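To start, the structure under review is shown below, and the notes come after it.
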Amino acid sequence: MFVATHSESLKNSPIARKLLIGDVEGLSQAATAAELGMSPGAVKVAVHRLRQKFGEAIRREIADTVDTEEEVSRELRYLIEAFAAR
């Protein structure tokens with residue numbers, strides 16, 4: 001029997017993208033927790049873990065396209081700046 005973890009529940013939620021990129025305007029942690037059937041603390045931990053996994057996945061993808069760790073860091077900085085400017 002499969003029991004979804006809090007991270008899995010969050011990952012499959014329509015609000016995951018907003019939480020992942022920090023677009024939380026109008027979202028309260030308590031409301032999000034209630035919607036997902038989780039405690040606010042569990043939401044906080046799940047968001048943290050989801051962001052870690054997302055960051056690791058992006059880093060791996062970038063590493064597959066460049067030659068050095070310095071280039072990976074440069075590409076990550078560029079992505080962060082591009083998203084911040086939107």
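Structure values in brief
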| item | result |
| --- | --- |
| Every pair of residues 6+ apart whose Cβ atoms lie under 6 Å, when the first sits in segment 43-62 and is assigned to a helix (DSSP H, G or I) while the second is at pLDDT 95 or above | ILE62/VAL72; ILE62/GLU75 |
| Of the criteria (1) at positive phi; (2) surrounded by 14 or more Cβ atoms within 10 Å (Cβ to Cβ), which one GLY37 fails | (2) |
| Residue in segment 31-55 that is modelled with the highest pLDDT, counting only those that are among the small types (Gly, Ala, Ser) and within 14 Å of LEU20 (Cβ to Cβ) | GLY55 |
| Residue count for segment 56-78, restricted to those that are closer than 23 Å to ALA16 by Cβ and exposed (fewer than 12 other Cβ atoms within 10 Å of the Cβ) | 4 |
| Any hit, segment 19-30, residues being of a type in the set (A, V, I, L, M), out of contact with any helix residue (DSSP H, G or I) (no Cβ under 7 Å at 6 or more places or on another chain), assigned to a helix (DSSP H, G or I) and modelled with pLDDT of 75 or more | no |
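The values are calculated or read from the model by the stated rules, or taken from the named source; none is laboratory data. Keep in mind it's a predicted model, so treat the numbers as computed, not measured. A quick note on method: Cβ atoms are made from the backbone with ideal geometry, for glycine too, and the neighbour counts reach across all protein chains shown.
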